[in-house]
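Undergrad: Before we start, here is the structure in question, set down as structure tokens.
The values are calculated or read from the model by the stated rules, or taken from the named source; none is laboratory data. A quick note: this is a predicted structure, and the numbers were derived from the prediction, not measured. So basically every Cβ, Gly included, is an ideal-geometry build from the backbone, and we count neighbours across all protein chains shown. Calculation scope for accessible area: heavy atoms of the full protein, side chains included, ligands and nucleic acids excluded. Shrake-Rupley method; radii C 1.70, N 1.55, O 1.52, S 1.80 Å.
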Amino acid sequence: MAFNDKTVDSKPTTPIRRAGDLEQYYNVASRIGITQWVIVSARYEHPSLNIVSKPVLFTALGEVVRSLAALHARLPPPSEPPIWQRLPSVDLTKVVIWLDRNRDDLKAIYEEICITPMEFSEDVPWWKLYVLRDGTVVFAFNHTIGDGQSGLAFHNALFHALNSLKDEDIPSEHSGLVTDLPQNLPLTPSLEEAAPRQLSIPFSMFIRVILETFLPILFSWKKKGDWSGRPVAAMITPEINVRILRYTAEDATTLLKLSREHQATLTATLHTLAFVVLSRLIRALPNGEGEKYQKIVTSYPISMRRYTGAPETAMCVHFSHSQEPQDLLPASAGTDAKSFPWNAAKRHTEFLREELLHTGPIIGMLQFLFGRYEEYFRGHLGKKRSAGLTISNLGTFNPKRPKGVEGAWTISDTLFSQGDATLGAALKLNVTGSPEGGLGILVTWGTSAVEKSFAEEFARGFEDGLQDLIRGQ
């Protein structure tokens with residue numbers, strides 16, 4: 001799968017707005033390979049049309065590109081001011097890749113995309129679309145133009161465009177060239193511009209972060225008992241492993257009902273289950289290694305759209321994150337109905353609700369890197385990994401047909417992942433709801449972040465534990 005473009009036909013010429021700190025942060029991270037692609041896939045079906053048909057897809061995709069500024073914008077090289085530029089046109093033949101594969105190959109496709117370098121010619125936007133023969137569409141994009149929810153926003157727009165197509169709109173052939181891009185269509189404002197109050201930094205936090213950054217030895221003793229997988233590799237290593245778990249609408253309803261009965265969210269339930277499995281595996285580490293760990297460091301991406309006002313249909317980078325070491329669960333904690341630690345799930349729900357109020361200043365601290373992002377990233381290489389577990393839940397996804405439109409396209413099997421193997425958490429749970437009411441979970445880990453056997457045992461234990469909860473055993 002060679003996906004790089006080298007031809008240069010035209011350059012972006014129309015300035016849009018200055019990039020925010022978080023966008024510049026991810027631009028540098030993507031350029032040097034610290035973060036790779038964000039990937040969101042979904043399957044499209046129609047009783048008579050086929051998304052694999054180039055005229056059908058290109059006609060609908062052209063409307064999507066015109067409706068979302070992030071799909072026809074990019075930042076200039078590092079030597080120039082970080083001003084978003086609008087491309088004069090988009091050639092879909094340079095961003096759409098047709099694969100003679102189906103959804104059974106998604107594990108390998110996700111892994112292959114994550115190791116693909118982000119190299120774009122100057123006339124190409126920062127995303128790719130992989131179209132499989134069974135109608136599965138894999139949208140992979142640079143984190144600089146969007147967060148995980150932006151992947152769902154793309155699929156929402158494509159779903160709408162397909163269902164708005166009329167037979168007379170579909171040409172017999174399509175060159176793939178999208179022109180007449182709206183020159184006054186704005187990019188969604190940056191996080192810093194949209195929510196400045198939420199990003200303001202308490203003085204106590206400023207002092208603590210400065211001390212942790214420049215005098216880490218003062219805090220290192222507290223982190224010795226925190227499990228976070230292997231240390232960060234000395235070199236950038238983008239390779240990931242993927243395990244795909246799919247659950248029906250009935251299964252998802254059972255999990256949601258169980259969570260609500262115990263005053264927990266689904267995210268907190270999944271987090272607690274992961275802790276049950278991880279606590280067991282850490283205690284069983286050979287040669288008594290597990291005895292030195294008392295906590296697991298967990299990080300949580302948290303959407304800021306509730307503060308910025310960006311709708312779920314927008315493409316933007318509007319999120320922050322929280323990170324906290326939490327105690328291993330006791331050996332008595334299990335995955336059956338009697339021993340599952342619902343009290344821990346309830347406490348975690350309350351913790352996350354509280355974090356929603358305080359997470360913005362983490363992003364506000366980026367301004368004090370003064371643009372030295374690459375130095376910051378490389379300073380983490382070879383050091384203790386910051387987190388052992390990340391859980392990212394994009395929530396439900398239920399796109400509605402446009403009013404007055406009776407299109408027959410359906411969308412299902414939504415999955416999501418992100419490539420941050422080098423500095424990211426050792427183990428990741430990437431969760432999204434599917435339009436049919438089901439649940440898709442990708443368990444991923446960087447090849448350098450954790451031992452393969454440990455990660456595979458975690459994935460098996462997590463899957464078995466979910467089945468225990470669903471069956472009520």
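Yes/no per residue for (1) open to solvent by less than 10 Å² (accessible area, probe 1.4 Å); (2) of a type in the set (A, V, I, L, M); (3) assigned to a strand (DSSP E or B); (4) more than 19 Å from GLY465 (Cβ to Cβ):
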residue: SER259; (1), (2), (3), (4): yes, no, no, no
residue: ALA268; (1), (2), (3), (4): yes, yes, no, no
residue: ASN287; (1), (2), (3), (4): no, no, no, yes
residue: PRO311; (1), (2), (3), (4): no, no, no, yes
residue: SER320; (1), (2), (3), (4): yes, no, yes, yes
residue: GLN323; (1), (2), (3), (4): no, no, yes, yes
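Undergrad: Suppose we filter LEU415, LEU439 for residues that are open to solvent by 10 Å² or more (accessible area, probe 1.4 Å) and under 30 Å from LEU165 (Cα atoms); which single one remains?
TA: Residue meeting the stated conditions: LEU439.
Undergrad: Sticking with this structure for a sec: I'd like to verify a number: residues in the stretch 140-178 that are part of a helix (DSSP H, G or I) and either out of contact with any Leu (no Cβ under 6 Å at 6 or more places or on another chain) or open to solvent by less than 50 Å² (accessible area, probe 1.4 Å) (or both), how many?
TA: 22
Undergrad: Ok, one more. Determine the pairs where a residue that is more than 30 Å from ILE363 (Cα to Cα), located within the stretch 284-310, has a partner that is assigned to a loop (DSSP other than H, G, I, E, B) and not aromatic (Phe, Trp, Tyr) with Cβ atoms under 7 Å apart, the partner being 6 or more residues away or on another chain.
TA: These pairs meet every condition: GLY290/ALA284; LYS292/GLY225.
Undergrad: Could you list, in sequence order, all residues of the stretch 55-80 that are assigned to a loop (DSSP other than H, G, I, E, B) and surrounded by fewer than 20 Cβ atoms within 10 Å (Cβ to Cβ)?
TA: Result: PRO76, PRO77, PRO78, SER79, GLU80.
Undergrad: Looking only at the stretch 244-255, which residues are open to solvent by less than 60 Å² (accessible area, probe 1.4 Å) and not aromatic (Phe, Trp, Tyr)?
TA: ILE244, LEU245, ALA249, ASP251, ALA252, THR254, LEU255
Undergrad: Please give the strands (runs of 3 or more DSSP E) falling wholly within the stretch 81-139 in which 3 or more residues are of a type outside the set (Ser, Thr, Tyr) and either within 12 Å of ILE39 (Cβ to Cβ) or in contact with an Asp or Glu (Cβ under 9 Å, 6 or more places away or on another chain) (or both). Steps first, please.
TA: On the way: elements: 83-86, 96-99, 127-132.
By residue number, 127-132.
A quick yes/no check of all residues on (1) modelled with pLDDT of 80 or more; (2) exposed (fewer than 11 other Cβ atoms within 10 Å of the Cβ); (3) assigned by the TED database to the domain that holds VAL95:
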position: PRO182; (1), (2), (3): yes, no, no
position: PRO186; (1), (2), (3): yes, yes, no
position: LEU191; (1), (2), (3): yes, no, no
position: ALA195; (1), (2), (3): yes, no, no
position: MET205; (1), (2), (3): no, no, no
position: ILE217; (1), (2), (3): no, yes, no
position: SER220; (1), (2), (3): no, no, no
position: SER228; (1), (2), (3): yes, no, no
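Undergrad: Kindly evaluate PRO325 against the criterion of being touching a strand residue (DSSP E or B) at 6+ places or on another chain (Cβ under 9 Å) and within 21 Å of SER259 (Cα to Cα).
TA: In short, no.
Undergrad: Continuing with this model, one more query. So which residues in the stretch 344-397 are of a type in the set (Asp, Glu) and in contact (Cβ under 8 Å) with a residue 40 or more places away in the chain, if there are any at all? Steps first, answer last, please.
TA: Residues of the stretch 344-397 that are of a type in the set (Asp, Glu), as a first pass: 350, 354-355, 374-375.
Of everything in the stretch 344-397, those that are of a type in the set (Asp, Glu) and in contact (Cβ under 8 Å) with a residue 40 or more places away in the chain turn out to be GLU355, GLU374.
Undergrad: Is it the case that some residue within the stretch 283-291 is over 23 Å from ASP420 (Cα atoms), of a type in the set (Lys, Arg) and touching a helix residue (DSSP H, G or I) at 6+ places or on another chain (Cβ under 7 Å)?
TA: So far as the stretch 283-291 goes, yes, one or more of its residues are over 23 Å from ASP420 (Cα atoms), of a type in the set (Lys, Arg) and touching a helix residue (DSSP H, G or I) at 6+ places or on another chain (Cβ under 7 Å).
Undergrad: Could we say that ILE39 is in a loop (DSSP other than H, G, I, E, B) and open to solvent by less than 10 Å² (accessible area, probe 1.4 Å) here?
TA: No, not satisfied.
Undergrad: Continuing with this model, one more query. Give the stretch 65-89 a look and list any residue that's over 22 Å from THR116 (Cβ atoms) and under 25 Å from the mean Cα position of the chain (by Cα), or say none. Reasoning before the result, please.
TA: Step one: list which residues in the stretch 65-89 are over 22 Å from THR116 (Cβ atoms), which gives 66-69, 76, 79-86, 88-89.
Passing the criteria: ARG66, SER67, LEU68, ALA69, PRO76, PRO82, ILE83, TRP84, GLN85, ARG86.
Undergrad: Determine which member of the set PHE454, PHE370, PHE377 is open to solvent by less than 10 Å² (accessible area, probe 1.4 Å) and out of contact with any Cys (no Cβ under 7 Å at 6 or more places or on another chain).
TA: PHE377
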